[in-house]
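None of the figures in this text is laboratory data; all of them are computed from the coordinates on show. Remember, predicted model here, so these are calculated numbers, not experimental data.
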Amino acid sequence: MFTSNNRLFSSSITAIFFLAAFLFPVNLFSQEKSSITDIRLWESATEATIIIELTNSVKLSELKDLKGRRSFFDIEEATFKAKIKQFDLKSKFLEYIQFEDLSKFDKVRVTFKLPRGIRSQIFMLPKNEHKKERIIVFLRHPKDLLNQKAEKELEEVRKLKALGKKIIVIDPGHGGEDPGTSGNGVVEKKYVLSVAHLLKAYIDRDSRFQAFLTRDGDYIIPLEGRRQIAEKLQADAFVSLHVNSINAKSVNGFEVYYESTEGAKNEAARLVAEMENKDEFADLAASDTESDSDSEEKKSMTKTQTDEEKKKLLEKQAQNIHRSRLLAEALEKSMRDAKFGIKSRGVKREGFKVLHSLEMPSALLELGFISNQTEAKVLNLYATKTKIAHSIYQGLADFLSAPANEKLDTAYLNYMKKNLPNLSAAKKEKTHIVAAGENLSTIALKYNVSLSQLLKRNDLGMKSIIRPGQTIIIPE
Ligand SMILES: [Zn+2]
């Protein structure tokens, strides 16, 4: 399946370089110092990620620039057995990366050189059930190039829309360094990508629709990024694909999720805070040039405008939640009717970050529990995959060909009318900007809040990735 229309987001991963030959045994006798166990590089069309695996957690220095497009950072309390080694990687994002053991200072210096115009960021990925602590060096194209690409894609979407086609964005969950869950022969990131390809094929065969994938290879995309891709493509529907896993091995079945009241409320609070901050800046600018009475008048006008905007925002949300519910119901019914050997656990609601959009109806599917051995076997059958993909396509088609439904979710609207005065409080919440080397545990510790509260308030999971510069809300 490779037509020019499909190419928008299928530029895909081009290569994975493994430097795992570089694997060192863990030194049992020096437990304080962390040693580097693996270095590898993932590359997609728009970005590359160098992953440095370690035995223990470490601190990173700031990233410093040198002459000649070179940068370096130090890994504190770490050793590198090869003393010094440089890697030449065939990548359009990297010229070389060098590791040097500075044993006098108990640290390893990492120096790298980038091709012209490539930007870098470093951050830590906390360890999870499968992986140890990792340092990520994130390399990407400069913004202007990305914008040119976005412009081209938008042009194609405009043409498709002019032909009356509806756009469906499929989001295969996880990817790259984030494998999702795994067990019983299924790795989530791979499984959902293969279902996504089958689903795209079914959708594209139908002349009424055109599907796009948020990722078409094995690489990381931040959660907001997935939603933003769909919004940029002016999607008529958005579906995120996942598989589930739980300690209780007997639990089985598929689930269809759409935005929860709590999730929508948090998103509304965020948008309102943004709106009000913008107005404060406008007020400041106005007070410089106008007389007091003028700016007072302007202020009250701005306030009415903001109230009007808030009302519109909530109505838009309420309408989209209603449409998302219809989408979720259509998907659940179609999947249940397809009888592919996995029972329905019904339509549910959860404040998943990928579902916060106001622009398009969105649903998230948990296709089954891979922690259940029987279900994992069923899921792994090619016949099951095609039936799942076809039933999702059918559900989407049913939803998109139904007469337009402009109803609002009145329960949400009524709830929010009560909560509207509290919405502005959101901007007074304490926030923290992530610095290099920090992870969610160290941030929780710093502000003396529990990790679980911190995760919940920010809609993050144990496996979520945070980046330097990202804003984290500190719960009270
Ligand atoms: Zn998942």
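Note down, for region 429-474, the three equivalent ellipsoid semi-axes (square root of 5 times each alpha carbon gyration tensor eigenvalue), biggest first, whole angstrom.
14, 12, 10
Could you sort out which of Lys92/Lys265; Lys166/Lys265; Lys81/Lys430; Lys189/Lys339 sit more than 31 Å apart by Cα distance in this structure?
The pairs that break the limit, which is 31 Å between Cα atoms, are Lys92/Lys265; Lys81/Lys430.
Pairs of Cα atoms under 8 Å, at least six residues apart: use those to get the relative contact order of region 429-474, whole percent.
On the way: 50 pairs, mean separation 29.0, N = 46.
Relative contact order, region 429-474: 63 percent.
Which entries in the list Lys343/Lys385; Lys159/Lys312; Lys312/Lys417 go over 19 Å, if you measure between the two C-alpha atoms of each?
Checking Cα-Cα distances, Lys159/Lys312 exceed 19 Å.
Near the amide H of Thr37, under 5 Å away, which other amide H atoms are found, from residues 5 or more places off or on another chain, if H is placed in the peptide plane?
Close amide H contacts, sequence-distant or interchain: Glu53, Leu54, Thr55.
With equal scatterers on the alpha carbons only and no solvent term, can you work out the Debye log10 of I(q)/I(0) for region 71-223 at 0.10, 0.12, 0.14 1/Å?
-0.56, -0.76, -0.94
Would you mind estimating how fast region 157-268 diffuses translationally, via Stokes-Einstein at 25 °C and 0.890 mPa s with the Kirkwood radius over Cα pairs, in µm²/s? Mind dumping the intermediate values first?
Working: Rh = 15.5 Å.
Estimated diffusion coefficient is 158 µm²/s.
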